[in-house]
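No value in this document is a laboratory result; all are computed from the given coordinates. Source: prediction; values computed, not measured. Cβ atoms come from the backbone with ideal geometry, glycine included; neighbour counts cover every protein chain shown.
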Amino acid sequence: MNGALLSHAPRAIRLQVAACLALALAACAASKQTRSSPSAEAAPAILSVVGTNDLHGGVLPRDGVGGLALLSGFVEALRAARARDGGAVLLIDAGDMFQGTLESNLGEGAPVVAAYNALGYTAAAVGNHEFDFGPVGPASVPVGPYDDPRGALKARAAEARFPFLAANLIDESTGRPVEWPNVRPTATIDAAGVRIGIIGVMTSEALSATTSSNVVGLRIAPLSSTIVEHAERLRRDGAAIVIVSAHAGGRCKSFDDPADLSSCNPAGEIMGVAGELRPGLVDVIVAGHSHAGMAHVVNGIPIIESFAGGRAFGRVDLIVERPGGRVLDRRIFPPRDLCAREGTQAGVCLPETSTAPAGGLPRYEGAVVSADTTIQAVLAPAVEKAEAVKSRPLGVAAATPVRRGGAVESPLGNLFADALLSGIAGADAALYNTTGGLRADLPAGPLLYGHVYEMMPFDDRLVPIRLTGAELRAVLARQLQRTSRILGVAGVRVRAGCEQGAVAVDLLRPSGTPVQDHEFLTVVASDFLATGGDNILTPVMPPGGFPVPEDAPLARDVFAGHLRERGRDLREEELVDLRNPRTSFPGSLPLACN
């Protein structure tokens, strides 16, 4: 993409796009291309790097926060400011753009790409959930010999007017980064008279955090060495600035001082990656994947990450010398929430139903910000299509919100595991990766299909697998030792403890009868787990994974049917037995026995 496309479009030109959207959206978007004035060429330039990540299809606002139309309003205000001073705006996404909402999923991510095109994105990293849709069409995994398991991803990349970047995604048949249309390791642009190189990488766990059949024949190269290789090449080729878009993240809680890392998790993946890069090689990292926030300097590199779902964006300003592009100074901004309406304090969003004193519409870079009607027009067909599906009532209400988190275990996870158990006749137990698989709480009030979809947007299918009691105990013992995430279970109770310095797990049926090691059980799991997802079942999995029946039902639809059959209001307190939890263990997780 031409760097000039990134920078300087005033709102009037954006409104022009709306007027001619049906005839020539691409040509109108090109009206953003303006150049810095010649008089500014010798003065330092401000390059504003705006980062988004983990949109997960969140194209619309939620309770007055977020949405791509409002993001466009903020970006346009910033572009106008940079147009006045001869700088430029680089709009970069750190991956996981598509999966998560009906508005996006019904079009396999096409509405997101259309909106990103209109927003004028510079580049986007490929995230693990970009592989979730599998082939083009309704099947989420290949079902025929000619199905391309990356078909939907390739289709979205081909539609994008910005590059998809995946430097460390390696095609095992060639040993090189994948070579798909508009998918490449790096991009180089010119903006405000400065040559800029952009590298895209993804988390080391990317291929185990999506459906395994869609990533056959691929592997992930180490992030740090990949960045070093491509950054050095970009520098040799004349790039004065190098930016990394990394679908790998960190987690910090305080944003008062970018140099203060005391609130950051030192084990965050992007913290380690940044620590392995030599000073001066990379100028900015736009991070993602962990759904957390960062606006910090690690090993001299500014890193921004802005939570998830389209609620916020990050920003780093680089003040660069011209000619040459040497960085003279930089400014890191905390994640900025996208508020449709602010309180009396700037940047503090008011919910739609709030009666608190309002400061009115948000202001950014001296301009009043409102939702961009161009982006709303681009998204309108997808929104209308999704609404028809979301509004279907389930005939049951939640007397209280049903949450994913809990003091002992997940109420929603228990409910979902119970539904999976009921979905396969004669099943003995059910397992589900509650923390990663469930993405939203159920709200209080009458439940609609849209609530269930937001809760579980993945097209996981139910798979019955046969395990011995010993195999199931081994799976659970390993999981308790390797992570703090508790699996959702139904049909059995898990009792873990330490015996002779090792983790020991007992399984009890609902009657209290112990499950014997030699007994065979029918265990319901998602096809994601059954084919190696999150490496939960891999110790007992046959080569290629457990077989997935062609007529396997969707887990989401089984859950919706379970709610209909239940026929009475949900109450969160009824879903967790505090005196007899489904999984119990001493201390905290991960469990260690000395």
Obtain the nm distance between the two label points defined at residue 566 and residue 179 by a simple spin-label model: each point lies 7 Å from its Cα along the Cα-to-C-beta direction. 5.3 nm
Cα-based helix-to-principal-axis angle, 68-85 vs the chain, degrees rounded to 10: 30 degrees
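What is the antiparallel percent of DSSP beta bridges lying wholly in the range 392-584, to the nearest 5?
Rounded to the nearest five, the antiparallel share is 80 percent.
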So if I take the centroid of the Cα atoms in the range 483-561 and the same for the range 151-212, what is the distance between those two points in Å? 35 Å
Rounded to the nearest 10, the angle in degrees between the Cα long axis of helix 110-119 and the longest principal axis of the Cα atoms of the chain comes to 20 degrees
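So how much slack lies between residue 136 and residue 236, counting 0.36 nm per residue of separation and subtracting their Cα-Cα distance, in nm? Walk me through the intermediate numbers first.
Numbers: separation 100, 0.36 × 100 = 36.00 nm, distance 3.90 nm.
Residue separation times 0.36 nm, minus the Cα-Cα distance, leaves 32.1 nm.
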Difference of contour (0.36 nm per residue) and Cα-Cα distance, residue 383 to residue 518: 43.4 nm
Sorted by mean Cβ packing within 10 Å, highest first, what order do the peptides 539-547, 234-242, 519-527 take? 519-527, 234-242, 539-547
For the range 567-580, 3J(HN,Hα) per residue [Karplus equation, 6.51 cos²θ - 1.76 cosθ + 1.60, θ = phi - 60°, Hz, x = Gly/Pro]: x, 9, 4, 7, 10, 4, 5, 7, 9, 10, 9, 5, 7, 9
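How would you order 311-322, 43-54 from highest to lowest mean count of nearby Cβ atoms within 10 Å? Mind showing how you got there, number by number?
Working: 311-322: 22.4, 43-54: 24.9.
The packing order, highest mean first, is 43-54, 311-322.
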Return the distance in nm (one decimal) between the two label points of a simple spin-label model at residue 484 and residue 171, each offset 7 Å from Cα along Cα→Cβ. 4.1 nm
Label-point separation in nm, residue 400 to residue 276, each point 7 Å along Cα→Cβ: 4.6 nm
201, 408, 378 arranged by Cβ crowding within 10 Å, fewest neighbours leading: 408, 378, 201
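Quick one: 159, 108, 572, fewest Cβ neighbours within 10 Å first, how do they rank? Walk me through the numbers on the way to the answer.
Values: 159 14, 108 24, 572 20.
Listed from fewest to most nearby Cβ atoms, that is 159, 572, 108.
Roughly speaking, what is the stretch gain from residue 143 to residue 363, that is 0.36 nm per residue apart minus the C-alpha to C-alpha distance, in nm to one decimal? Provide the component values of the computation, followed by the final result.
Details: separation 220, 0.36 × 220 = 79.20 nm, distance 5.05 nm.
74.1 nm is the gain from fully extending residue 143 to residue 363.
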Sticking to Cα atoms, compute the Rg of the range 392-584 to one decimal and its Dmax as the biggest Cα-Cα distance, whole number, in Å. 16.2, 54
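For the chain, what does the relative contact order come out to in percent, with C-alpha contacts under 8 Å and a separation of six or more?
The normalised contact order for the chain reaches 14 percent.
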Give me, ordered by chain and number, the residues 5 or more places off residue 364 or on other chains with an amide H under 5 Å from its own placed amide H. 369
Hey, what do the phi angles of the range 331-348 turn into as Karplus ³J(HN,Hα) couplings, whole Hz, using 6.51/-1.76/1.60 and θ = phi - 60°, x for Gly and Pro? 9, 10, 9, x, x, 9, 5, 8, 9, 6, 8, 9, x, 6, 9, 4, x, 9
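Say R0 is 41 Å: what FRET efficiency, to the nearest 0.05, do residue 224 and residue 346 get from their beta-carbon distance?
Details: r = 38 Å, r/R0 = 0.92.
It comes out at approximately 0.60.
Whole number please: convex hull volume per residue, Cα atoms of the chain, in Å³.
On the way: hull volume 97.0 nm³, N = 594.
Spread over its residues, the Cα hull of the chain gives 163 Å³ apiece.
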J(HN,Hα) series, the range 232-244, from Karplus relation 6.51 cos²θ - 1.76 cosθ + 1.60, nearest Hz, glycine and proline x: 5, 5, 4, 4, 4, 7, x, 6, 8, 10, 10, 10, 10
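So in the chain, what percent of DSSP beta bridges are antiparallel if you round to the nearest 5? All intermediate terms of the calculation are to be shown ahead of the outcome.
Details: 65 of 95 bridges.
Just about 70 percent of them are antiparallel.
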For residue 492, residues with placed amide H under 5 Å, excluding near neighbours: 430
